[in-house]
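Asks: There's a structure below that I have some questions on.
The values are calculated or read from the model by the stated rules, or taken from the named source; none is laboratory data. These numbers come from a predicted model, not from an experiment. We place every Cβ from the backbone using ideal geometry, glycine too, and count neighbours over all the protein chains shown.
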Ligand SMILES: CC(C)(COP(=O)(O)OP(=O)(O)OC[C@H]1O[C@@H](n2cnc3c(N)ncnc32)[C@H](O)[C@@H]1OP(=O)(O)O)[C@@H](O)C(=O)NCCC(=O)NCCS
């Protein structure tokens, strides 16, 4: 098994779309429950690439098994801020791929002048929070009952890392 962390290209779109859809349909971790239609995903990816936003994939044995991206906030006063999202296929978790992906993407975000990377994570996602704290993200606040999946309310935690952290 050989892991590669590479910058995403338009050719990866269908595979990333599939991975994201599988993770979303687990109904536990993401803020959407299925992927956008493929055409919209393709538009999103092309826009991310055109804007120079960090977007990387984890490739194992020539197959995409995960992604991580940082979307720069469009408002001028928040242009130094990027919002991170990531996920791996279930069979590829717990093997260090997430650590490699996020380190690559955060380094690229800093290179691109994004000095604050942030996101919210479901408060019960201990695994992801473990990864984020390990690589230097800190908890900044709690959005109480911000998420409701299948009738269950979940807090979401705002986490961020500044370039100087
Ligand atoms: C969260 C996720 C990206 C982490 O990536 P990963 O490759 O599984 O994580 P790693 O193997 O790099 O481990 C990173 C840290 O996660 C935690 N972790 C790893 N395996 C774990 C397990 N079985 N149970 C709980 N925590 C675990 C540990 O803190 C670990 O650090 P350590 O190796 O120093 O102990 C991945 O598990 C995933 O895709 N989960 C589902 C989608 C998701 O939650 N996305 C984020 C939404 S905000």
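Asks: Among (1) in contact with a helix residue (DSSP H, G or I) (Cβ under 9 Å, 6 or more places away or on another chain); (2) under 16 Å from residue 5 (Cβ atoms); (3) more than 16 Å from the ligand (Cβ to nearest atom), there is one condition residue 111 misses while meeting the rest; what is its number?
Replies: In the conditions (1) in contact with a helix residue (DSSP H, G or I) (Cβ under 9 Å, 6 or more places away or on another chain); (2) under 16 Å from residue 5 (Cβ atoms); (3) more than 16 Å from the ligand (Cβ to nearest atom), residue 111 misses (1) alone.
Asks: For segment 6-47, what are the residues that are under 15 Å from the mean Cα position of the chain (by Cα), in a helix (DSSP H, G or I) and modelled with pLDDT under 95?
Replies: Hits for segment 6-47 are 41, 44, 45.
Asks: Among the listed residues 83, 106, 64, identify the single one that is crowded, with 20+ Cβ neighbours inside 10 Å and within 13 Å of the chain's Cα centre (by Cα).
Replies: On the way: 83 fails: crowded, with 20+ Cβ neighbours inside 10 Å; 64 fails: within 13 Å of the chain's Cα centre (by Cα).
Among 83, 106, 64, only 106 is crowded, with 20+ Cβ neighbours inside 10 Å and within 13 Å of the chain's Cα centre (by Cα).
Asks: Another question, then. Based on this model, can you work out whether residue 100 counts as in a helix (DSSP H, G or I), surrounded by fewer than 19 Cβ atoms within 10 Å (Cβ to Cβ) and in contact (Cβ under 8 Å) with a residue 60 or more places away in the chain?
Replies: Yes; evaluated as a whole, the condition is true for this residue.
Asks: Same structure again: Please count how many residues of segment 3-50 are touching a strand residue (DSSP E or B) at 6+ places or on another chain (Cβ under 7 Å) and surrounded by fewer than 14 Cβ atoms within 10 Å (Cβ to Cβ).
Replies: Residues meeting the conditions: 4.
Asks: Could you say which residue among 97, 80 is at negative phi and within 12 Å of the ligand (Cβ to nearest atom)?
Replies: None of the others qualify; the one that does is 97.
Asks: Same structure again: Can you work out which of the residues in segment 124-146 that are closer than 18 Å to residue 33 by Cβ and away from the ligand (no atom under 11 Å from the Cβ) is farthest from the chain's Cα centre (by Cα)?
Replies: 145
Asks: Which condition number in (1) within 11 Å of the ligand (Cβ to nearest atom); (2) part of a strand (DSSP E or B); (3) out of contact with any helix residue (DSSP H, G or I) (no Cβ under 6 Å at 6 or more places or on another chain); (4) more than 22 Å from residue 35 (Cβ to Cβ) is the one that residue 159 fails?
Replies: Among (1) within 11 Å of the ligand (Cβ to nearest atom); (2) part of a strand (DSSP E or B); (3) out of contact with any helix residue (DSSP H, G or I) (no Cβ under 6 Å at 6 or more places or on another chain); (4) more than 22 Å from residue 35 (Cβ to Cβ), residue 159 violates only (3).
Asks: Taking the condition within 8 Å of the ligand (Cβ to nearest atom), touching a residue at least 12 places away in the same chain (Cβ under 8 Å) and within 14 Å of the chain's Cα centre (by Cα), does residue 119 pass?
Replies: yes
Asks: With the checklist (1) free of Cβ contacts under 8 Å to residues at least 40 places away in the same chain; (2) closer than 17 Å to residue 97 by Cβ; (3) in contact with a helix residue (DSSP H, G or I) (Cβ under 8 Å, 6 or more places away or on another chain) in hand, flag the one item residue 56 doesn't pass.
Replies: Every listed condition holds for residue 56 apart from (1).
Asks: Is it the case that segment 65-77 has a residue that's in a helix (DSSP H, G or I), modelled with pLDDT of 95 or more and within 13 Å of the ligand (Cβ to nearest atom)?
Replies: Taking every residue of segment 65-77 in turn, none turns out to be in a helix (DSSP H, G or I), modelled with pLDDT of 95 or more and within 13 Å of the ligand (Cβ to nearest atom).
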